[in-house]
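For reference, the structure discussed in these notes is given below.
The values are calculated or read from the model by the stated rules, or taken from the named source; none is laboratory data. Computed from a predicted model, the values in this text were never measured in an experiment. For neighbour counting, all protein chains shown are included, and Cβ atoms are generated from backbone atoms with ideal geometry for every residue, glycine included.
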Amino acid sequence: MTKTLLTTIGTGDYRPTIYHFADQKAAKTCYVAQAFCQIFPIEKVIVLLTSEARQKHWESLKSCLPPTVQVQDRHIPSLETEEAIWRIFEILVDSIDPQDQIIFDITHAFRSIPVLVLLGAALLRKAKNVEIQGLYYGLYRGEASESPIVDLTPALSLLDWLTATDKFITTGSSVDLGNLLDTVQQDFYRPQKLAMDMQKPTKLQNFGRAIHNVSRSIELIRPMHLLQEDLPKLIRHSTPELEQEIGVFSKPFGLMLEQVRQSYTPLALSNANADKKEEIYKQFLLLQWYVEKRFTVHALLMAREWVVSALCLLDGRDKYLEREHREAVEKQLGKMIDYQNPTLKQPIASHVKDAKALANFWSQLTQYRNDIAHVQMNESPLNSQALEKFVQEKLVCTLQSLFPSLTQSSQLEEVDSNHC
């Protein structure tokens with residue numbers, strides 16, 4: 001890994017100043033790149049410059065840099081057309097080797113370069129596994145004053161928040177949001193900050209891990225763990241003190257906090273002693289959530305088990321997780337769709353208005369669920385469109401029709417879902 005400074009030079013009349021960062025000072029210089037090489041252990045410098053900048057500053061800049069540092073120049077177009085902007089972006093990305101450690105300097109950048117550097121840095125981290133060690137700006141304050149180098153690295157984290165936010169909105173997954181909250185708190189307890197006399201967050205990490213765990217249980221279809229452990233922890237960690245910390249240390253997440261609450265809180269039980277009927281209802285809400293987020297596989301797998309659980313409960317088998325109860329219900333459902341001798345008059349059929357509708361639905365649901373579970377490993381697999389159409393157009397409404405007492409909130413006792 002090479003510690004690389006990527007910098008730019010323009011056509012300005014740069015004046016000498018003493019640049020400093022934290023407690024380190026560089027010698028007086030016209031070029032901030034020289035100061036970076038004195039303050040940071042730079043091994044390679046890549047300079048983006050136009051023909052005009054090259055003519056005015058290149059030789060002078062090159063002579064100021066330490067002989068031990070490898071120096072490379074990259075020509076960029078001076079016009080700002082759409083084609084030129086993409087060319088600059090391409091040059092910037094191609095200049096960096098995989099796994100390099102990069103420091104970006106945008107002090108003398110002009111026009112759209114700072115934006116391109118920011119976006120390029122985000123791409124490089126993912127596409128080339130590059131470690132971005134800093135994004136900096138030398139704030140020139142004149143020859144008579146010292147000029148600070150300003151750390152703009154936190155701006156890169158905004159792109160991480162943007163990506164995590166987009167993932168949550170489109171898929172419902174908050175894993176990345178949780179990881180970012182965890183990282184924010186950990187950063188304040190690193191050695192260099194631990195010694196500093198400053199306020200530090202104490203709530204972000206626990207809440208971040210809580211929403212991470214909720215999301216994982218949803219993604220891995222762990223409804224019991226979600227209801228009994230993950231959501232209660234999320235509620236417990238969602239406090240006014242947390243909101244205060246988010247406002248101070250994690251402002252980007254402040255925009256998402258309410259959306260996270262609105263997405264997850266309705267799935268939570270009203271209390272730790274909620275009855276089985278509420279449990280089944282909350283599982284149905286999770287099933288709806290899968291359908292809304294277009295998680296077709298999750299919805300089919302969940303629906304098959306939910307029907308068995310619902311019939312267990314309606315049949316007086318409150319311990320619906322016990323194998324013997326589930327097998328008893330499954331056996332009756334199997335007889336209702338037996339190809340040789342279907343028998344609709346099963347005890348469980350008394351719990352629905354239309355036994356034939358239950359049999360037809362169970363037959364189709366079983367077929368689709370098995371097709372998913374066996375990943376097309378049969379001679380006549382279903383196509384994706386058929387699976388999606390069934391889930392999006394038929395699954396939820398059929399369950400509501402067959403099991404109104406377990407799928408409608410009006411059939412349940414008033415549930416306070418304003419937990420967080």
Inset, instruction - Kindly check whether there is at least one residue in the stretch 94-106 that is touching a residue at least 60 places away in the same chain (Cβ under 8 Å), closer than 23 Å to R15 by Cα and over 26 Å from the mean Cα position of the chain (by Cα). - result: yes
Inset, instruction - Consider E379 carefully, then state whether it is surrounded by fewer than 20 Cβ atoms within 10 Å (Cβ to Cβ), farther than 28 Å from P232 by Cβ and at pLDDT 95 or above. - result: no
Legend entry - Residues (crowded, with 19+ Cβ neighbours inside 10 Å, outside any helix (DSSP H, G or I) and under 20 Å from the mean Cα position of the chain (by Cα)) located in the stretch 223-269: S238, S250, M256
Legend entry - Residue check for R87: closer than 25 Å to T2 by Cβ, surrounded by fewer than 19 Cβ atoms within 10 Å (Cβ to Cβ) and touching a Pro at 6+ places or on another chain (Cβ under 9 Å): yes
Inset, instruction - Return a yes/no flag: does the stretch 186-203 have any residue that is buried (at least 19 other Cβ atoms within 10 Å of the Cβ) and not in a loop (DSSP other than H, G, I, E, B). - result: no
Legend entry - All positions within the stretch 371-389 that are among the polar types (S, T, N, Q) and not in a helix (DSSP H, G or I): Q376, N378, S380, N383
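Let's see how each residue does on (1) under 26 Å from A272 (Cβ atoms); (2) at pLDDT below 90:
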residue	(1), (2)
K167	no, yes
T171	no, yes
L181	yes, yes
A195	no, yes
S217	yes, no
I235	yes, no
Legend entry - the stretch 222-265: number of residues that are touching a Gly at 6+ places or on another chain (Cβ under 7 Å) and either among the polar types (S, T, N, Q) or in contact (Cβ under 8 Å) with a residue 40 or more places away in the chain (or both): 2
Legend entry - Failed item, numbered, when I348 is tested on (1) under 30 Å from I211 (Cβ atoms); (2) touching a helix residue (DSSP H, G or I) at 6+ places or on another chain (Cβ under 8 Å): (1)
Inset, instruction - Would you be able to tell me the number of residues in the stretch 112-161 that are loosely packed, with under 15 Cβ neighbours inside 10 Å, of a type in the set (G, A, S) and farther than 25 Å from S78 by Cβ? - result: 5
Inset, instruction - Sort out which residues of the stretch 278-295 are surrounded by fewer than 20 Cβ atoms within 10 Å (Cβ to Cβ) and either aromatic (F, W, Y) or part of a loop (DSSP other than H, G, I, E, B) (or both), and write them in order of number. - result: W289, K293, R294
Inset, instruction - Filter the stretch 390-420 down to the residues that are in a loop (DSSP other than H, G, I, E, B) and within 22 Å of L311 (Cα to Cα), then identify the one that is modelled with the lowest pLDDT. - result: E413
Inset, instruction - Output yes when any residue across the stretch 130-151 is polar (S, T, N, Q), farther than 19 Å from G12 by Cβ and not in a strand (DSSP E or B), and no when none is. - result: no
Inset, instruction - Please specify each residue of the stretch 333-350 satisfying the condition of being part of a helix (DSSP H, G or I) and surrounded by fewer than 18 Cβ atoms within 10 Å (Cβ to Cβ). - result: G334, K335, P347, S350
